[in-house]
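J.: There's a structure below that I have some questions on.
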Amino acid sequence: MPPHIVRPQGRPAQLILPAPTNLQAPLWRSIAAFRFASLAYAAILLAVRPSYYAHWGWAWAVLAVMAAWTVATTFLYSVPARRTWLLLGTDLLVTLAALLSTALVQHPDDVKLGVMPVTATWLAGPALAWAVVAGVRAGAISAIITGTCVVLLRHLRAGDILSSTDLDGPVILLMAGMIAGYISNLTTSAEQAFARATEVEATSRERERLARTIHDSVLQVLAMVQRRGAEIGGQAAEIGRLAGEQELALRALITADNLPPPEGELDLSAQLARDARAFVSVITPATPVLLNEKTVWETAAAVREATDNVRKHCGDTAKAWVLVDDEGTEVTVTIRDDGQGMPATRLAEAAAEGRLGVSHAIAGRMRDIGGSAEISSTPGAGTEVRLRVPRSGQAA
Amino acid sequence: MRIMIVDDHPMWRDAVGRDLTEAGFEVVATVGEGAQALRIASSVRPNVVVLDLQLPDMSGVEVTRGLVAADSGIRVLILSASGEHRDVLDAVKAGAAGYIVKSASRAELLDAVRRTDSGDAVFSPGLAGLVLGEFRRLAVSPDPDTPRLTDREAEILRMVGTGLSYKQIAERLVLSHRTVQNHVQNTLNKLQLHNRVDLVRYAIEHGLDSGPN
C-alpha cells in the first residue's frame, strides 16, 4: 500500500473577518449635527439681539469663522486617521478664541448680566470631540478648560463674585464631556469584543473543517488496513481487527462532536457507539435518541452485559448487532448475535434451573427504569435480546 | 457491466478498481471529483457508480442527485468511510440505491455491486437503521402525504437492522426471498418519492417552476 499523505481537502483556509463595525461613526455624526445646530442657534441669537453687541459687525465675523470651522471639523473628524491631538488642540483653541472674542464684541454690561457669549452652546464641540477620541478624562479636561474660560470671561470684566447660576453652564458642559467619554469607551470595548468573538468563531470553524478532513483521511486508512488485513489473514488479520476498533472509536468520537444534549439527557445512540467493540455493529437512526441520563446509563450497561455474554458463549468469531429503534413513546434496543442459538425449550429449562444469570441482571436493570427485557432464540439464527425502554424513564 | 468509481483517495480508487476488474467488471472511469463525475457520466455511460460521500468539490449527496437526474438508469452505490449518518440518509433519499462501509470485505463489495446492478437496494444493517429511523421521525408529522411503514415493512427493516440476511428473514417470516426484497425496496422507494415530492413542492412555493419569462 502506498504511503498515504493526509491532504487537506476542499478550498484553502479562508479566514473572512467582517470589517470591524464602526460603532463610533454615529457619535461623530451626532457631534457634527450638534455643531451645526448650535451654530444656527448662535446666529439666531445674534440676529434678534443686535443691541447686546458693541460691535455687531465683528460679531458676525466671529460667527463666520465659527461656520468655517464647523465645516472644517465635520470634514476632518470624519476620517479616523485625522483625529489627532493636533486637530483636537486646534479645535479647542479656535473655540476658545471665538468664546473670548465675546469680551471684545459684546457690551460689558451684557456680559456681566449673563447674556450668552457669541459662541452660545457651540463651545461644547471640543469637549465632545476630546471625549470620543480619548475617553472620560480627556472629555472632562476639555470641558473644564472651556468652562474656566466662560467663568473668566464674565468675571474678569465684571469683577463680581461667582453666583451659582454662573456655574450651571460649565457644570453641564463637564457632564456632557464625561458622558460622551463614557459612551465612547463603551463602544470601543464593544468593538473589540465583537472583533475578538468573530475571530474566535472563524478560527474554530476552520479548525472544525480541518478536523473533518483529517478524521476522514484517518478513517479511510483504518478501513483500508482492516480490509486488507482480513484478506491477508494471520497476523495481518489481527492488525486489521485493531484498526477496526480504532475506526469505531474515532467514529464514535466524531458523532459525539455534535451539539451537546440538553441538561440531564443523553443520546443513547452516541453512548452505545462509544461502548461498542469491534465485533458489535451499532445501528442507529440519524437523529439523536435523547433519554434521561439514568435511563441511558442503565440501558447501555444492559447492552454491554448482553454483548459480553455473546463473546462468552459464542466464541471469538461471533458478531453482534445492536439496533436502536426510536418509536416515540418507547425505544426498542435489540441485541442479536449470529451464534448457534438454542431451541426455545432449552431457554425455558435454563430459566427454570436459574442458569440465566446474565438475563436476570439485564431484566433487573430494565425494570429499574420502567422497561422490560425479552430473550428469544432460534437454532442456527442466534439469540436475540429485546430491551423496551420507556421514553419517560419513570418506573411504571 | 460498466462501472464508474468516484473517490478522491487514490488508495481507494486503486483498490476498488483492482477488485472490480479482477472480478470481471468493466471499470469505465475512475475520477476524484464530483463535478468531473457529473461531466463525464453522459459519455462513459456507467450502469453503476461507486461513490464516496466525502469529495473535495461537492457533497456526495449533490453528486447522487445530479447523476440520477441526468440518467434515471444510473444506479449509485455509496461506499463511505466516515459516513455521517445524515449524509448517508440524504444520499439515499436523493436516489442512491445502496450503501456499504469501506471496511466491508472484498466479497461484500462485489456482492453489493452485483446487486446494485441487478436493481436491488443494497441494505446494510446500518442503512436499514437509518431508513427505519427516518420513518419513525416522519411518523409524528400530521401531513397526510407523509410516507408510513406498514407493520410488515417495519418488521423486516428491524430484521435487516440486526444483521439478518434476506434469506434468513424469508425463512423466519415464511415468505419468498423476492418478497422480502420487494418490501425493503418499497421502503426506499417511498422515501425517495417523498423526497422528490418535497423538492417539487419547495420549487413551486419558491416560484422555481415558472420557467423563463
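J.: Restricting the first residue to region A:321-342 and requiring it to be over 8 Å from A:Gly382 (Cβ atoms) and without any contact (Cβ under 8 Å) to a residue 40 or more places away in the chain, which pairs with a second residue that is assigned to a strand (DSSP E or B) and among the acidic types (Asp, Glu) meet a Cβ separation below 8 Å and a spacing of at least six or different chains?
T.: none
J.: When region A:137-151 is examined, which residues are found to be loosely packed, with under 15 Cβ neighbours inside 10 Å and of a type outside the set (Val, Ile, Thr)?
T.: A:Arg137
J.: For region A:275-376, which fully contained strands (runs of 3 or more DSSP E) count at least 2 residues that are farther than 27 Å from A:Ala223 by Cα and either at pLDDT below 90 or under 37 Å from the mean Cα position of the chain (by Cα) (or both)?
T.: Answer list for region A:275-376: A:290-292, A:330-337.
J.: Among the residues that make up region B:168-186, is at least one of them more than 14 Å from chain A (Cβ to nearest Cβ), touching a residue at least 40 places away in the same chain (Cβ under 8 Å) and out of contact with any strand residue (DSSP E or B) (no Cβ under 7 Å at 6 or more places or on another chain)?
T.: The answer is yes; a qualifying residue exists.
J.: Name the residues in region B:65-86 that are over 15 Å from B:Ser43 (Cα atoms) and touching a strand residue (DSSP E or B) at 6+ places or on another chain (Cβ under 8 Å), would you?
T.: B:Arg75, B:Val76, B:Leu77, B:Ile78, B:Leu79, B:Ser80, B:Ala81, B:Gly83
J.: Would you pick out the residues in region B:26-69 that are touching a residue at least 40 places away in the same chain (Cβ under 8 Å), within 14 Å of another protein chain (Cβ to nearest Cβ) and either surrounded by fewer than 24 Cβ atoms within 10 Å (Cβ to Cβ) or of a type in the set (Asp, Glu) (or both)?
T.: B:Asp52, B:Leu55, B:Pro56
J.: Which ones in region A:224-239 are closer than 16 Å to B:Met11 by Cα, of a type in the set (A, V, I, L, M, F, W, C) and touching a Ser or Thr at 6+ places or on another chain (Cβ under 8 Å)?
T.: Within region A:224-239, no residue meets the criteria.
J.: Return yes or no: is B:Glu134 under 24 Å from A:Val282 (Cβ atoms), within 18 Å of the chain's Cα centre (by Cα) and surrounded by fewer than 17 Cβ atoms within 10 Å (Cβ to Cβ)?
T.: In short, no.
J.: With respect to B:Leu130, determine if the residue is assigned to a helix (DSSP H, G or I) and within 12 Å of chain A (Cβ to nearest Cβ).
T.: yes
J.: Within the group B:Val113, B:Val92, B:Val140, which residue is under 25 Å from B:Arg39 (Cβ atoms) and within 11 Å of chain A (Cβ to nearest Cβ)?
T.: B:Val92
J.: From the set of residues in region A:282-307 that are among the small types (Gly, Ala, Ser) and buried (at least 22 other Cβ atoms within 10 Å of the Cβ), which is nearest to A:Val225 (Cα to Cα)?
T.: Checking each candidate, the answer is A:Ala306.
The values are calculated or read from the model by the stated rules, or taken from the named source; none is laboratory data. Keep in mind that what you see is a predicted model, and the values were worked out from it rather than measured. Note that each Cβ is placed from the backbone with ideal geometry, even for glycine, and that neighbours are counted across all protein chains shown.
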